[in-house]
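Please treat every number below as a calculation from the coordinates, not as lab data. Computed from a predicted structure; not experimentally measured. With ideal geometry, Cβ positions are generated from the backbone for all residues, glycine too; neighbour counts draw on all protein chains shown.
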Amino acid sequence: MLFTAFTPPPSLSLRLLHSISLQGFCAPKPNPKLTMGRKPKSRSAKKSAKYPHFKPGSPVEISSNEEGFRGSWFTGTVIGLASPGDPSRLHVEYTSLFVDEEGTAPLREIVDTVMLRPVQPPEKEREFKFDEEVDAFHSDGWWEGVITKEEGEGRFTVYFRRSKEEMEFGKEQLRLHREWANGAWKPPFEEENVKPNQEKVENLPLVEEVKPSESATEHVYRLGTQVEVSSDEKGFEGVWFAATVVEPWGKDKFRIEYQTLKTEDDKTFLREEVDILHIRPSPPEILMVDGFKLFDEVDALYNDGWWVGVIARAQRNSKHIVYFKTTSEEIEFRDSELRLHQDWIDGKWVMASRALEL
């Protein structure tokens, strides 16, 4: 049976374009001033955001409320916090959804943590039965349904309530439907009297857990290391300031000295304590051969810090209008004040994919 309701479009570019257009890209109006601040206040008492299942690099499953995608879960990876200090919204990259036809640019989105859950452990071999709630793997995602018929030879008909359609699957394409609630799977996985299912479906998402490098902080953030530091303060979301590590300061904390921010009396450079979630090495320089392009994700140098934004429109004389989602504002920058955005994940720099290719 034709399964039209569960077949995502060949390219998700229109979906992403719609998302971007709602943010102000359809008719950008440059604003001569941004509401972004200049100096962060002291954050010596700042507490680390705790989201143990959704750390940068963690494999996850992502759900959606968009029409035609409800009841589905797609695998992806956590890139990091959408805004420093706010663990309720995360930047993720999909494993099998792309913004281009060739499948070379994985789709990235900002999603609420309520739309995320850890990747389910491999399903144990089991005998599925009539009326059992399952997830069926189809079109690169897991879709919630119920078994309505046992076809024999390990095949089952699954009914999808949201689309009111049925489709036949092999048992290797099914897993028992579970909910992630209060940090645990419901129903729980049975560990006794079962054996791992060795059968795999071609093109099933095989996601290995990404573990942070051991002693990463010890090797990267030593005395004198050039770093960048983010802020939790309101109005400073998405900004990174250049700093130097002065000394370790307790477990996973460091005392740093800013390179451009000074104390209130403007006599000395500001020093603060920061934790591991708010510090990263200085990113490597990327040689721009063809220049910046529309929808490139960039960092813009403004008020002594690097602010994450997107190229909204090209201007004359090597200038570009950059849109900042955290403030919903736009401002013009010279090419010399921009750099391609990179994310620091599991001890490596990851290049941000272009938001959209036209």
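Using the Cα centre of the range 225-357 as origin and beta-carbon charges of +1 (Lys, Arg) and -1 (Asp, Glu), tell me which of TRP344, MET288, GLY309 is placed farthest towards the positive end of the dipole.
MET288
So which of LYS124/LYS251; LYS124/LYS348; LYS55/LYS129; LYS262/LYS293; LYS124/LYS149; LYS234/LYS267 end up more than 30 Å apart by C-alpha?
Flagged as over cut-off: LYS124/LYS251; LYS124/LYS348; LYS55/LYS129; LYS262/LYS293.
When Lys and Arg each count +1 and Asp and Glu each count -1, what net charge do the other residues less than 11 Å away from THR157, Cβ to Cβ, add up to?
-3
Below 12 angstrom from the Cβ of SER318, what's the summed charge of the other residues (Lys, Arg +1; Asp, Glu -1)?
Residues close to SER318 contribute a combined charge of 0.
Estimate the FRET efficiency between GLU133 and VAL246 by the formula 1/(1 + (r/R0)^6), using the beta-carbon distance for r and 45 Å for R0, to the nearest 0.05.
Between GLU133 and VAL246 the formula returns 0.20.
If r is the Cβ-Cβ distance from GLU332 to GLU150 and R0 is 41 Å, what FRET efficiency results, to the nearest 0.05?
Rounded to the nearest 0.05, the efficiency is 0.05.
In whole Hz and in residue order, list the ³J(HN,Hα) couplings for the range 134-149 that follow from phi through the Karplus curve 6.51 cos²θ - 1.76 cosθ + 1.60, θ = phi - 60°; x for Gly and Pro.
Here the 3J(HN,Hα) series is 9, 10, 10, 7, 7, 6, 6, x, 9, 10, 6, x, 9, 6, 10, 7 Hz.
Any idea which of LEU97, ASN65, ALA82 is furthest toward the positive side of the dipole for the range 50-135, if Lys and Arg beta-carbons carry +1 and Asp and Glu beta-carbons -1?
ALA82
Could I have the simple spin-label model distance between ASP346 and ILE110, label points 7 Å from Cα toward Cβ, reported in nm to one decimal?
For the pair ASP346/ILE110, the computed spacing is 2.5 nm.
Quote to one decimal, in nm, the extra length available between PHE189 and ASP265 on full extension: 0.36 nm per residue of separation minus the C-alpha distance between them.
21.4 nm
Taking θ as phi - 60°, what are the ³J(HN,Hα) couplings along the range 97-102 by the Karplus curve (6.51, -1.76, 1.60), each to the nearest whole Hz, with x for Gly and Pro?
Running phi through 6.51 cos²θ - 1.76 cosθ + 1.60 with θ = phi - 60° gives 10, 10, 9, 10, 5, 6 Hz.
Checking the cross-link filter: which aspartates and glutamates have an alpha carbon closer than 14 Å to that of LYS325, excluding same-chain neighbours under 8 positions apart?
GLU109, GLU237, ASP296, GLU297, ASP299
Compute the Kirkwood hydrodynamic radius of the range 216-358, taking the inverse of the mean of 1/r over all pairs of distinct Cα atoms, and give it in Å to one decimal.
So the Kirkwood estimate lands at 16.2 Å.
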